[in-house]
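**Student:** Before we start, here is the structure in question, set down as structure tokens.
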Amino acid sequence: MQRVVKPKTQRGKRALAQREPKLVEEVKTAMFIRGGNTSEMITRILKEFNMLRKPHAVMFQKKNMLRPFEDQTQLEFFSNKNDASLFLFGSHSKKRPHNLVMGRLFNHLILDMIELGVDNFKSMYEFQNKKCTMGTKPCLIFTGEMFDTELEYKRLKSLFIDFFRGPVVKNVRLAGLEHILSFSAVNGQIHIRSYRGLLKKSGTKIPRVELEEIGPSLDLTMRRTHLASQDLFKRALKIPKALKPKKKKNISHDVFGTQHGRVHMESQDLGQLQTRKMKALKRKGKQENEEKEKESPKKARTDDDDASNEDSS
């Protein structure tokens, strides 16, 4: 039986309430974990990716003897403890030099894991220029047919989007598109480049955009993969009923996207139809006619009385 943890303080209650499932989840937290043996290159990659993910990131300072593809219990424990659903694990060995394992979890259980080997790396500090501010939402660009055709590269693209997209916003101003991340799949390699967008004068309302590379720059090769089954993946993508748009009745769309609607109306009495208020179109009501008929005999009597009075005089 699972042990039910009951909070004893208000702080504990708030912490448990924050971890409860929500209709609209907050930005995912990423863990950056160093393995038992890491190279200088892998350590720098973890630190610089941590800077790109801040403030939604947790950097582990101590080394951890982990083997994600063989034993996943410790990763799931770290996820539950830090309330994080993304991780990047770095290690280095003779069999797998300069190794990165990128993955995500669903309900604190491993969903997808992809092992990547680093072939080339250039640090952001090797580019002597101005960097983007921390917490900037990046613009993600994917090029390459493999991201749309092969299953492993499709999941890798989805994993990159989860890892780098940042908070979800409705509108983005043009000046806010400052950071651009480019992912290219060419000849079995994944090239990651980071740029800063510069808005120059063009003589028109639309500015001229130039890209300046700011780093980090990586060339990766895919090694091992651990992908979730289709059923589990669909379950992870399930949208709550409260967030689904309600279907509108009697509305359809044609091939060209034109909206057609069907309106149901009751039978109308045209006699009560209100027309424009003009003297020529005014109708005399039944009550007015009846009142005039009642008044007409009275007027005839008064005229006869006046005539008889004149004769007597």
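**Student:** If you take every residue apart from K95 with its C-beta less than 14 Å away from the C-beta of K95, what net charge results, scoring Lys and Arg +1 and Asp and Glu -1?
**Tutor:** +3
**Student:** Rank these for me by crowding, Y125, Y195, going from fewest to most other beta carbons within 10 Å.
**Tutor:** Y125, Y195
**Student:** Of C132, G271, G176, which is farthest on the positive side of the dipole of the chain, counting Cα position, with +1 on Lys and Arg Cβ, -1 on Asp and Glu Cβ, and the Cα centre as origin?
**Tutor:** About the Cα centre, the residue reaching furthest to the positive side is C132.
**Student:** Summing +1 for each Lys or Arg and -1 for each Asp or Glu, what net charge is found among the other residues whose Cβ lies under 9 Å from the Cβ of H56?
**Tutor:** +2
**Student:** With unit charges on the beta carbons (Lys and Arg positive, Asp and Glu negative) and the dipole taken about the Cα centre of the chain, which residue among T73, F147, S252 sits farthest to the positive side?
**Tutor:** Of T73, F147, S252, it is T73.
**Student:** Which value, in debye to the nearest 20, gives the size of the charge dipole of the chain about its Cα centre, when Lys and Arg are +1 and Asp and Glu are -1 at the Cβ?
**Tutor:** With only Lys, Arg, Asp and Glu charged at Cβ, the dipole is about 1720 debye.
**Student:** With a ≥ b ≥ c taken as the square roots of the eigenvalues of the C-alpha gyration tensor of segment 78-195, please select rounded if a/c is under 1.5 and otherwise prolate if a/b is larger than b/c or oblate if it is not?
**Tutor:** rounded
**Student:** Right, something else. Could you please report the charge total around A17, scoring K, R as +1 and D, E as -1 over all other residues with beta-carbon less than 15 angstrom from its beta-carbon?
**Tutor:** Summing Lys and Arg as +1 and Asp and Glu as -1 gives +3.
**Student:** I'd like the Karplus ³J(HN,Hα) series for segment 170-178: coefficients 6.51, -1.76, 1.60, θ = phi - 60°, whole numbers in Hz, and an x wherever there's a Gly or Pro.
**Tutor:** 7, 10, 10, 6, 5, 5, x, 7, 9
**Student:** To two decimal places, what compactness ratio does segment 20-96 give when its Cα radius of gyration is scaled by 2.2 N^0.38 Å?
**Tutor:** Segment 20-96 yields a ratio of 1.16.
**Student:** In a Debye calculation with equal point scatterers on the alpha-carbon sites of the chain and no solvent, what is log10 I(q)/I(0) at q = 0.12, 0.13 Å⁻¹?
**Tutor:** Normalising to I(0) and taking log10 leaves -0.98, -1.10.
**Student:** Then there is this: Among E20, E145, E178, which one moves the most in a GNM of the chain with springs linking Cα atoms closer than 10 Å?
**Tutor:** Fluctuation is largest for E20.
**Student:** Taking a threshold of 26 Å on the Cα-Cα distance, which of the pairs K154/K249; K137/K205; K22/K234; K62/K95; K154/K246; K6/K241 fall above it?
**Tutor:** From the list (K154/K249; K137/K205; K22/K234; K62/K95; K154/K246; K6/K241), the Cα-Cα distance tops 26 Å for K154/K249; K154/K246; K6/K241.
**Student:** Separate question: If I require 15 Å or longer along the helix axis, counting alpha carbons, and a Kyte-Doolittle average no lower than 1.0, what helices from the chain are left? Use full DSSP H segments.
**Tutor:** In the chain, no H run is both long and hydrophobic enough.
**Student:** Related question: At 222 nm, what helix-only mean residue ellipticity would the chain give, in deg cm²/dmol to the nearest 500, using -39500 (n - 2.57) for each DSSP H run of four or more?
**Tutor:** One gets -8500 deg cm²/dmol as the mean residue ellipticity at 222 nm.
Values quoted throughout were computed directly from the atomic coordinates according to the rules given, and no laboratory measurement underlies them. Being a predicted model, the structure only gives us computed values, none of them experimental. A quick note on method: Cβ atoms are made from the backbone with ideal geometry, for glycine too, and the neighbour counts reach across all protein chains shown.
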